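The values are calculated or read from the model by the stated rules, or taken from the named source; none is laboratory data. Predicted model, so just to flag it, every value in this text is computed and none were measured. Counting neighbours? That spans all protein chains shown, and the Cβs are built from the backbone with ideal geometry, glycine included.
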């Protein structure tokens, strides 16, 4: 069965500093991987997705993610965070034919001045 | 603009009462999903539907029911059998293939009176 682990429940970062959020997955074949962001009281917004090809994927809002098959990881990065990046971030994996997703527990990001 | 509309945004349930959460999409998506979100637990799948008049149980279907009479609509009923219904409920839709992202509504927060 597929699963997703986000090891960090909570991360605090200073505005302007770099951010990296970890995501590890378990899946027998090549997975389809996604990162979403959720602001308080809102739904989830897609940041980026990985299907195949280039292992470095660019997304919206200046985010990127790198797929590393050898480490079963799909970490999300941003070179310089803005206060508006404070939110909860979810990693998800999909592998079933009908599009069922498995979500990680989420990482809460706090941005300090 | 195409999207997913969930209503109401806030809902209160009395003991022994059934309540229905609405989810409508105009994205022409075949698949629709209902998730429950509790703090620190990510998103858990309640029910999903790949096509009109067909739906399947997800990981936590007990105490919930759904219908899919129209492609655009996928209402969720929280029955009195659900003893701990207080949560944030998210509806999503997709083209129904594993390499396609899910698109989310803004959620409904259900509380017990």
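Taking each residue of the stretch B:57-76 that is modelled with pLDDT under 95 and looking for partners that are part of a loop (DSSP other than H, G, I, E, B) with beta-carbon atoms closer than 9 Å, six or more apart or interchain, yields B:58/A:100.
Here the stretch A:68-78 is the region considered, the condition is being touching a residue at least 24 places away in the same chain (Cβ under 8 Å) and in a strand (DSSP E or B), and the residue that is surrounded by the most Cβ atoms within 10 Å (Cβ to Cβ) is A:74.
Yes/no matrix, rows are residues, columns are (1) in contact (Cβ under 8 Å) with a residue 40 or more places away in the chain; (2) assigned to a strand (DSSP E or B); (3) within 14 Å of the chain's Cα centre (by Cα); (4) within 14 Å of another protein chain (Cβ to nearest Cβ):
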position: A:66; (1), (2), (3), (4): no, yes, yes, no
position: A:81; (1), (2), (3), (4): yes, no, no, no
position: A:90; (1), (2), (3), (4): yes, yes, yes, yes
position: A:105; (1), (2), (3), (4): yes, no, yes, yes
position: A:110; (1), (2), (3), (4): yes, yes, no, no
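I need the full set of residues from the stretch A:25-53 which are closer than 10 Å to residue A:93 by Cα and part of a strand (DSSP E or B), in order please. Correct list: A:25, A:26, A:32, A:33, A:34, A:35, A:49, A:50. Summed over the stretch A:88-110, the residues that are in contact with a strand residue (DSSP E or B) (Cβ under 6 Å, 6 or more places away or on another chain) and either crowded, with 19+ Cβ neighbours inside 10 Å or under 16 Å from residue B:96 (Cβ atoms) (or both) give a count of 16. Among the residues of the stretch B:31-55, those that are farther than 21 Å from residue A:104 by Cα and more than 9 Å from every other protein chain (Cβ to nearest Cβ) comprise B:49, B:51, B:52, B:53, B:54, B:55.
In the stretch A:21-48, the residue that is nearest to the other protein chains (Cβ to nearest Cβ) out of those that are within 16 Å of residue B:100 (Cβ to Cβ) and surrounded by fewer than 17 Cβ atoms within 10 Å (Cβ to Cβ) is A:46.
Scanning the stretch B:39-56 for residues that are surrounded by 13 or more Cβ atoms within 10 Å (Cβ to Cβ) and in a loop (DSSP other than H, G, I, E, B) yields B:42, B:52. For the stretch B:4-28, name all the residues that are within 14 Å of another protein chain (Cβ to nearest Cβ) and more than 15 Å from the chain's Cα centre (by Cα). Result: B:27, single match. Looking at the stretch A:49-64, which of its residues are without any contact (Cβ under 8 Å) to a residue 24 or more places away in the chain and either surrounded by 16 or more Cβ atoms within 10 Å (Cβ to Cβ) or within 14 Å of chain B (Cβ to nearest Cβ) (or both)? Result: A:49, A:51, A:52, A:53, A:57, A:60, A:64. I'd like the residue in the stretch B:94-111 that is in a strand (DSSP E or B) and at the interface with chain A (Cβ under 10 Å from one of its Cβ atoms) and, out of all such residues, is surrounded by the most Cβ atoms within 10 Å (Cβ to Cβ). Top of the filtered list is B:94. In the set (1) surrounded by 12 or more Cβ atoms within 10 Å (Cβ to Cβ); (2) more than 23 Å from residue B:102 (Cβ to Cβ), the condition left unmet by residue A:18 is number (1).
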